[in-house]
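The values are calculated or read from the model by the stated rules, or taken from the named source; none is laboratory data. All values reported here derive from a predicted model rather than from experimental measurement. Virtual Cβ from ideal backbone geometry, glycine too; neighbours counted across all protein chains shown. All accessible areas refer to the heavy atoms of the entire protein, side chains included, with ligands and DNA or RNA removed. Shrake-Rupley method; radii C 1.70, N 1.55, O 1.52, S 1.80 Å.
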Amino acid sequence: MNLKKVLASTLILSMFVVGCNKTNIKGESPIADEETQQKTMTKVQNDVKVIMGKDYEYVLKNMGTPYSTTYYIDKDSEDILDKIDDNINMVLTYPKYTSDNELDGSALYIELEGNKVTDVQTYEFSNNNIETKPTGRDVDVVVEKYNEEPGLSLDKIEKIKFSEYIGKTEDDLYSIIGDNTPNLEAYDKSNHQKVKAFFLKDKKNEMSKILVMLKDKNNIKNITIVDKDDVMNLVGQYLYED
């Protein structure tokens, strides 16, 4: 899996988040409030059968918004745009908290395939060390989706001369953009080629563009700002060009 295919996968998932895709994976389902989320979390911890076989909308309605969503993508053929839909394999991460509202060091990992919950497990969890739940499948690309809110200012980012950071380390870029975490992160099966995407907010605090960084091992290979309305065209270029 080369860098441009990893980038394409990340951009495809960006479309899911911003609502540009043909199948709205986020949907319009109501999101559970904190009380409902805690009650359901307790039920699931005591008996996973209460959630097995339920769909994505049910999970959001009863469990709330997950800390992160992990997408597992197989994409060796050119019909990738037809394959990425509600049937995509994904895992939702829900951290567990103590009675004092502190992380207890573990989380529920809810796996969905074919838009149905197929497995629920408990794994280690911390803000700095998230265990990507194995699926038992040999997938090409893994994409992690975190916060959907844009955290970086477009005005500030557009002033950066990104060409000066090509070949440098990721830490060099973070010295400029600060400690903002990416909204999306993708990596291939070798774990050497990674992509990070940051949603950029304009003067109206709305997201219209995405900063995408490609890294191979420890070095930055490319940095670009993508207009969300042009994502589909760019994905097509990366998927079908040699």
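What to note about this one:
- Taking amide H as placed 1.01 Å from N in the peptide plane, ASN89 has its amide H under 5 Å from the amide H of TYR72, each at least 5 places away in sequence or on another chain.
- Other residues within the sphere of radius under 14 Å centred on the Cβ of GLU206, judged by their own Cβ, net out at -1 (K and R +1, D and E -1).
- The label-point distance for GLN45 and LYS161, in a model that sets each label 7 Å from Cα toward Cβ, rounds to 5.4 nm.
- Restraint check, LYS49/LYS196; LYS116/LYS201; LYS194/LYS228, Cα-Cα greater than 30 Å: LYS49/LYS196; LYS116/LYS201
- 14 Å beta-carbon shell around GLU35, net charge (K/R +1, D/E -1): +1
- Amide H contacts for SER106 (H built 1.01 Å from N in the peptide plane; partners 5 or more residues away or on another chain; cut-off under 5 Å): LYS96, PHE125.
- In this structure GLU102 has an accessible area near 110 Å², from a 1.4 Å probe over the protein heavy atoms.
- Extension reserve of the GLU113-TYR97 stretch, reckoned as 0.36 nm per residue once the Cα distance is removed: 3.1 nm
- Note on THR65 and ASP33: their simple-model spin labels are 1.7 nm apart, each label 7 Å out from Cα toward Cβ.
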